[in-house]
Amino acid sequence: MNFHNTIRPILVIFLLFGQFPLYGILHRKPSQWHFRWVSFQTVLCLVLVVVGLFLSFVEYDRLLVIGVNADNIIGPLFYVDVIIIMLLLLRIATRWSTMVPKWEQVEALEVMQFNSQKQYERSAQRIRAVAGLLIVMGFAEHMLSIGKTVYVKVDEARVCNWDYNNLPEYYALRTNGFFFRHVPYNFPTFLLLEYANTALTMAWTVQDVLIIMISDSIAGYFGRLNARIQFYSTVQVIAREKFWSEIHSDYVMVCELLEHAMSICSPLLVVSCGTNLYLICYQLFHLVESEKFVIMTVFTYYSLFFVILRTFLTLHHCSAVHEVARKPLKLCRRVPTANWCDELERFYTFIRKSSIAISAMGLFRLTKRTMLTMLGAVITYELVMLHFAQSTANQGVVRECSTEEFLFEPKTQSRGI
């Protein structure tokens, strides 16, 4: 089993979006993966953070002009949220080298070597498939959002009888007018802005994919221990004390890896749960609105499906760690009384008294019950959002064919007589 070989292709994709700037991930040895402040990956990440800060100021400036409502408040919240995510991913990257020895130590255990090649291939295919699916769906969601906006702005020009000669310029100035009040428009700047928005949007998906990969790996280690326990729980073990002492030691080592990983990644997990909760509420809020175009309806339903799927997979993989880590309690109960020993009793007591689960900064543990709790929170916050929408119904509404929100003032088309 080799966790780092499994995630290497996924991390390369992360770097394309300026996320998780680890240096040397193309090397096969994880010990050569480290963080450098002076590297292209880190500089790109920091540039995106600065651009995100500037865009959050632009969104704040825009809302001061047009007003705030339940819909458009997501503008500044989006940039603030993704900046926090990118800084947390940067923090994890700076400390990743401290986790590599612990992963290698666990993977070097004898219990992890049984049928390891077959298990590694199956685990690698599964996690790469899940990560690839979420990344592709996240990128497709953003592209669909751009396509929806282009369609709406082109239809706006048709309804308002506006004339434009350059579609990219018209799109840029109609959707990012406040940005181009501070930065002169040119096509390279427009491309940089679109890349930055795409990369920042992908931060939502990147955080969940990273959490899923770490959770799946640790759950796999507990699963290998469980497989060995299950095999020996119904047969006569000659060296019983030694066997259960080794199992106990290996189990504690995996728990230490989990604890160390969560000490670094748990702030990201808190942000992930909060972000996904808000996005589900936001997309459900849009379901009650009647959309003018089919593409807007398609985008709303697709985006809702994607955020629910991403949230479910994240919570499922995180809660699986708790389920797999507690499974030895059931397996130990199957051991015949004649095979019971002091080391087995110590191992059984350790699991029974320990709270082994992925923890979000100690605020809550992710188990199957957490999924039901989040469902109840969605219903509560959805009602709050609907009330906020009613109280701000007349605010933040831009009149049709108005130029008050945008920099671009298109000329009226000339009509032949």
For segment 338-372, what are the residues that are surrounded by fewer than 15 Cβ atoms within 10 Å (Cβ to Cβ) and either modelled with pLDDT under 80 or outside any helix (DSSP H, G or I) (or both)?
ALA338, TRP340, SER354, SER355, MET361, GLY362, LEU363, LEU372
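Against the condition open to solvent by 10 Å² or more (accessible area, probe 1.4 Å) and farther than 30 Å from LEU144 by Cα, how does VAL252 come out, does it pass? Give the steps one after another, and end with the answer.
Working: open to solvent by 10 Å² or more (accessible area, probe 1.4 Å): yes; farther than 30 Å from LEU144 by Cα: yes.
Spelling it out, VAL252 is indeed open to solvent by 10 Å² or more (accessible area, probe 1.4 Å) and farther than 30 Å from LEU144 by Cα.
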In segment 138-145, is there at least one residue being at pLDDT 85 or above, among the aromatic types (Phe, Trp, Tyr) and within 30 Å of ILE308 (Cα to Cα)?
yes
Take the conditions of a type in the set (A, V, I, L, M, F, W, C), surrounded by fewer than 17 Cβ atoms within 10 Å (Cβ to Cβ), part of a helix (DSSP H, G or I) and in contact (Cβ under 8 Å) with a residue 40 or more places away in the chain and apply them to VAL50. Does it pass?
no
Filter segment 98-137 down to the residues that are at pLDDT 90 or above and among the small types (Gly, Ala, Ser) and list them by number.
ALA129, ALA131, GLY132
Enumerated helices (runs of 4 or more DSSP H) restricted to segment 113-224, each holding at least 3 residues that are open to solvent by 60 Å² or more (accessible area, probe 1.4 Å), under 28 Å from THR297 (Cβ atoms) and touching a residue at least 12 places away in the same chain (Cβ under 8 Å)
116-159
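Here is a check on your reading of the model: is VAL43 surrounded by fewer than 16 Cβ atoms within 10 Å (Cβ to Cβ) and either touching a residue at least 12 places away in the same chain (Cβ under 8 Å) or within 17 Å of the chain's Cα centre (by Cα) (or both)?
Details: surrounded by fewer than 16 Cβ atoms within 10 Å (Cβ to Cβ): yes; either touching a residue at least 12 places away in the same chain (Cβ under 8 Å) or within 17 Å of the chain's Cα centre (by Cα) (or both): no.
Criteria not met by VAL43.
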Determine if segment 247-256 includes at least one residue that is assigned to a helix (DSSP H, G or I) and touching a strand residue (DSSP E or B) at 6+ places or on another chain (Cβ under 8 Å).
no
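The values are calculated or read from the model by the stated rules, or taken from the named source; none is laboratory data. These numbers were taken from a predicted model, which means no experiment stands behind them. No Cβ is skipped: glycine too gets one built from the backbone with ideal geometry, and neighbour counts run over all protein chains shown. For accessibility, only protein heavy atoms count, side chains too; no ligands or nucleic acids. Shrake-Rupley method; radii C 1.70, N 1.55, O 1.52, S 1.80 Å.
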